[in-house]
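Read the structure below first, then the notes.
Any read-out appearing in this document is the output of simple, stated calculations on the displayed coordinates, not a laboratory observation. Source: prediction; values computed, not measured. Note that each Cβ is placed from the backbone with ideal geometry, even for glycine, and that neighbours are counted across all protein chains shown.
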Amino acid sequence: MRETASTSHFEGLLTTLIVKVSMLSVVEIGIIPLVCGWWLDICSLAMFDATLKDRESSFSSAPGTSIFIHWLIGMVYVYYGSLRNFNDPDFSPIQEMIHLPILEHIRKLLISAVIFGSAVLLMLWLPIRILKLLLPSFLPYTVSLNNDTQVNELSLELLLLQVILPALLEQSHTRIWL
């Protein structure tokens, strides 16, 4: 009888631990990057002369694609914007999820969301507003190629996230400043 109670208690703790790590993983790998991707898109609308109606119609026509693209852009942003060194042998996110209390994780997630959101405002939305004010003819930004086709917004956003942002973050003073 005592052994059954001990086993039952252990199984309950294990189940709770699995649920905790699963939920935190979904939030950190799924929801936060998706929200960051949407926030990046919303803050860059003026750069491409787009509106929320345009994004809504795009979402209505292909919701899965829209969600995936926003998640991907957000994931790249979160990955490059993270101040953690993922190559550090002592970095173990799963162990951190197991050992830290859930309230500490929620606090860290909220702080991360505020930092990521504020960084988008300061590095994207505010410069776009200033550019529109000082040089109104500069935006919306379009690029024409030789065959007169325009590069779409997604390719410019991916260029920003894959080339420009990593180059900035590789500079140690930018990483320290952030």
Legend entry - Cβ crowding within 10 Å averaged over residues, with 27-33, 96-102 ranked highest first: 27-33, 96-102
Inset, instruction - Take peptides 120-127, 71-78 and line them up by average Cβ neighbours within 10 Å, highest first, as a rough protection proxy. - result: 71-78, 120-127
Inset, instruction - Multiply the residue separation of Met123 and Leu139 by 0.36 nm, subtract the distance between their alpha-carbon atoms, and state the gained length in nm to one decimal. - result: 4.1 nm
Legend entry - Potential lengthening between Thr7 and Gln95 on full extension [0.36 nm per residue; Cα-Cα distance subtracted]: 29.4 nm
Inset, instruction - Give me the lysines in straight-line cross-link reach of Lys108: C-alpha distance below 25 Å, same-chain residues under 8 apart excluded. - result: Lys20
Legend entry - Packing-based order for 35-41, 103-109, 59-65, using average beta carbon neighbours within 10 Å, highest first: 35-41, 103-109, 59-65
Inset, instruction - Compute the distance in nm between two label points, each set 7 Å from the Cα along the Cα-to-Cβ direction, one at Ile31 and one at Asp88. - result: 2.5
